[in-house]
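Comments concern the structure below.
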Amino acid sequence: MSDSVIHQKEESREVTFRVHRFNPQVDSKPYFDDYKIRLEKGITVLRALNYIKEHVDASLTFRAFCQAGICGSCAMRINNMSKLACTTQVWDELAKSREPDVIKVEPLRNLPLIKDLVVEMDPLVEKMKGYSNWVESRIPEDEWGRKEFLVSEEEFLKYDKATDCILCASCVSECTILRANKEYVSPAVLLKSYRMNVDGRDSFHEQRLAGLVKDHGVWDCTHCYRCQESCVKHIPIMDAIHGIREDAIAERGTRDTSGARHAEAFMEDIEKKGKLVEATLPIRTNGVVWTMKNLLPMAFKMVLKGRTPPPPQLVKSTKDIEKFREEFKEMTGHVAKDHAKKTGE
Amino acid sequence: MKQYAYYQSCINESMTREVDRSIELWQHDLGIEMVKLHESTCCGGSNLDYVSPKHFALVNARNIAAAEKMGLDLVVSCNTCLMTIRSAKKKLDESEALRNEVNEILGKEGLEYRGTSDVRHLLWVLIDDVGLDAIRGKVKVPLSKLRIAPFYGCHILRPSSVLGKDNPMEPTSLDQLLDALGGKTINYDHKNRCCGFHTLLVAEEESLNVAAEALQEAIDEKADCIVTPCPLCHTVLDGYQAKALKKSGSHGSIPVYHLSEVVGLALGYNERQLGIRRHIVT
């Protein structure tokens with residue numbers, strides 16, 4: 001291959017966009033259309049879609065506005081990953097394509113489909129409202145405009161990253177639990193709730209937290225990290241979810257939800273035994289009745305295969321575990337001191 | 001014989017004992033030796049980090065420091081232990097204050113966290129240290145008859161800021177290893193998705209939906225088996241398989257193997273030796 005051919009291949013290529021199509025007024029089910037277009041290097045997926053709409057098929061429907069990664073309107077699934085079309089380079093996607101020179105474009109998942117690449121955002125907005133994800137001012141309304149809040153840098157840093165969220169719903173689209181149950185709160189809503197709960201100007205923390213620990217709330221997250229990995233603003237969303245959990249345990253204790261009891265069991269076992277005793281974890285999380293009802297038939301099969309108790313070999317020598325317990329206890333002292341310092345401030 | 005400090009995951013000492021058993025069988029065939037870290041404790045299983053971040057740092061600094069004392073890398077064969085211990089290591093490496101606080105306590109046991117030992121998954125050791133060509137050369141019974149659905153599990157891939165070895169959404173490492181063992185892998189959506197393990201006791205219905213969807217896709221793609229590098233994924237996909245598929249109305253079933261078992265099969269060990277008969281779906 002001569003240098004000029006390589007050069008040409010790099011600067012301009014024929015690319016197939018395999019685009020999800022669905023018009024509920026005429027189509028019984030979704031299908032894919034292939035649009036083969038020649039593109040210059042440096043073009044984004046959004047510009048390619050605009051080109052298709054202008055020159056190839058005016059019926060192709062998608063949402064877009066700012067073209068600069070700010071408004072979040074053009075989130076869609078590109079090559080099996082939710083992202084913004086306006087900040088995604090065609091050349092970068094070609095390097096990842098499963099089929100050479102083909103880029104697959106689909107609507108976001110986990111939200112109702114309206115047409116082609118457009119989804120309904122209302123369910124997300126409704127959930128945001130359901131958890132009162134705005135600042136409920138600590139200042140009474142009749143004093144508004146006469147008093148001001150001073151926000152320290154330290155306080156601002158707690159939610160600085162969370163405020164980068166542009167509500168594009170990429171994380172919502174990739175969420176494992178939302179895919180399994182549409183009632184689930186969803187990562188974008190948890191991120192926003194966290195952001196409000198750590199805001200010192202807000203007065204709704206307690207009520208919001210009480211809502212977040214209910215069914216389909218913060219404890220249902222399965223730690224798959226797909227939300228964080230798909231976030232177009234690189235926000236550590238799992239830190240926010242874990243932040244709400246930490247707050248829930250600190251404010252509400254560990255007994256009120258199965259999620260908190262489950263988490264606490266890890267702490268208890270490590271403190272006492274060094275190792276997790278999985279055999280009794282279901283009972284400690286959900287009680288005897290739930291465990292008998294839900295797990296007994298399976299436990300029976302597992303026992304037959306030798307898969308359940310005896311419990312794990314705990315930390316071997318007595319000397320080791322005693323030293324470990326002392327260390328654990330010493331750290332408990334540090335944590336208590338930290339807490340006293342924090343509340344004293 | 002290259003040695004590693006081997007972290008004993010709680011689940012591999014109870015429900016999935018076949019994992020450590022199979023590694024012990026073939027480790028010397030591949031020129032590696034896993035030295036068990038008997039004094040290690042539970043990593044916190046992706047839960048302790050928010051129950052008490054400082055205890056989380058202490059416990060895992062101690063686990064890593066025990067490997068450092070031996071001058072060896074810490075190797076784990078559970079995805080969640082990998083992610084959890086690596087994320088503690090990242091926090092410790094990034095904060096001198098946390099390191100000092102933890103070391104002040106560990107010092108009384110003669111331990112010190114220095115950050116000198118890496119924390120790695122068995123899969124990574126096989127690919128990077130033993131090498132795919134060397135493994136290929138040792139295969140006695142190629143897995144060529146098997147159409148395999150690789151199931152990576154989340155915590156060997158994500159968060160990529162902590163793991164960073166593979167593409168978190170388009171991984172290839174397990175496929176490469178299975179290829180070296182002579183197997184044919186399929187490309188399917190669920191290979192990088194979640195098994196639902198971490199919500200099994202908190203949101204069982206959702207977890208079973210997640211597991212059923214993954215199992216069904218592998219069945220629909222006509223895979224002969226699923227292979228996973230994570231004993232937690234195995235517990236859901238094997239142990240809860242019947243319950244998950246019954247709930248979703250499916251009549252299929254599919255065997256699920258641990259990574260360590262298929263390595264053993266390819267190296268010539270049989271199902272009984274490897275503990276495969278302990279699985280629920282056989």
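Per the Kirkwood formula applied to alpha carbons, segment A:191-345 shows a radius of gyration over Rh ratio, Rg over Rh, of 1.03. Fewest-first ordering of B:Thr228, A:Thr61 by other beta carbons within 10 Å of each residue's beta carbon gives A:Thr61, B:Thr228. For peptide B:170-179, the mean count of partner chain Cβ atoms within 10 Å of a residue's Cβ comes to 1. For segment A:39-142, the set of GluC sites (Glu not before Pro) satisfying both a DSSP loop assignment and a count of at most 15 other C-beta atoms within 10 Å is given as A:Glu120, A:Glu136. With contributions of -39500 (n - 2.57) from each DSSP H run of at least four residues, the per-residue ellipticity at 222 nm computed over chain A stands at -14000 deg cm²/dmol. Dividing the summed -39500 (n - 2.57) terms of all DSSP H runs of n ≥ 4 by the residue count of chain B sets its mean residue ellipticity at 222 nm at -11500 deg cm²/dmol.
Restricting segment B:184-282 to trypsin sites (Lys or Arg not before Pro) that sit in a DSSP loop and have at most 12 other Cβ atoms within 10 Å of their own Cβ leaves B:Lys222. Given all pairs of different Cα atoms, what value in angstroms does the Kirkwood hydrodynamic radius of segment A:211-287 take? The answer is 13.7 Å. Neighbour counts of C-beta atoms inside 10 Å place B:Val19, B:Val139, A:Val335 in the sequence A:Val335, B:Val139, B:Val19, starting with the fewest. Compared with the dominant Cα axis of chain B, that is its longest principal axis, helix B:53-69 is turned about 90°.
Remark: mean inter-chain Cβ contacts per residue of B:215-225 equal 0, using a 10 Å Cβ-Cβ cutoff to other protein chain atoms.
When each of B:Leu215, A:Leu39 is scored by the number of other beta-carbon atoms lying within 10 Å, the sequence from fewest to most is A:Leu39, B:Leu215.
Taking every DSSP bridge with both residues inside the protein assembly as shown, close to 45 percent are antiparallel.
Oblate is the label for segment B:137-221, because a/c, from the alpha-carbon gyration tensor with a ≥ b ≥ c as root eigenvalues, is 1.5 or above and a/b does not exceed b/c.
Across chain B, Cα-Cα pairs farther apart than 28 Å form 35% of the total.
Taking Rh as the Kirkwood radius, which is the inverse of the mean 1/r over Cα pairs, what is the Rg/Rh value for segment A:40-160? Checking Rg against Rh, the ratio lands at 1.15. From largest to smallest, the equivalent ellipsoid semi-axes obtained for the protein assembly as shown from the alpha-carbon gyration tensor read 38, 35, 24 Å.
Considering only Cα atoms, the convex hull volume of chain A works out to 257 Å³ per residue.
With N the number of residues in segment B:129-187, Rg(Cα) / (2.2 N^0.38 Å) evaluates to 1.23. For a 4.7 Å threshold on C-beta separation, the list of partnerless cysteines in chain A reads A:Cys74, A:Cys86, A:Cys165, A:Cys168, A:Cys175, A:Cys221, A:Cys231. In this Cβ point-charge picture (+1 for Lys and Arg, -1 for Asp and Glu), segment A:188-229 has a dipole of about 100 debye about its Cα centre. With the convex hull drawn over the C-alpha atoms of segment A:143-184, the volume per residue is 139 Å³. In units of the rule-of-thumb radius 2.2 N^0.38 Å, segment B:128-282 shows an alpha carbon radius of gyration of 1.02.
The region of chain A that goes longest without hitting one of the chymotrypsin sites (Phe, Trp or Tyr not before Pro) in a DSSP loop, each with at most 15 other Cβ atoms within 10 Å, is A:150-345.
Bridgeable lysines around B:Lys165 (alpha carbons under 20 Å apart, same-chain partners fewer than 8 residues away excluded): A:Lys96, B:Lys89, B:Lys90, B:Lys91, B:Lys191. In terms of its alpha-carbon gyration tensor, segment B:38-153 comes out prolate; a/c meets the 1.5 threshold, and the first ratio a/b outweighs b/c. Once you sort the root eigenvalues of the Cα gyration tensor of segment A:26-110 as a ≥ b ≥ c, which label holds: rounded (a/c under 1.5), prolate (a/b larger than b/c) or oblate (the other case)? Rounded is the answer for segment A:26-110, as its axis ratio a/c remains below 1.5.
Bear in mind these aren't lab numbers, they're just calculated from the coordinates by the rules spelled out. This one's a predicted model, so the numbers in the text were calculated from it and none came from an experiment. Methodologically, a virtual Cβ is constructed for each residue, glycine included, from the backbone with ideal geometry; neighbour enumeration extends over all protein chains shown.
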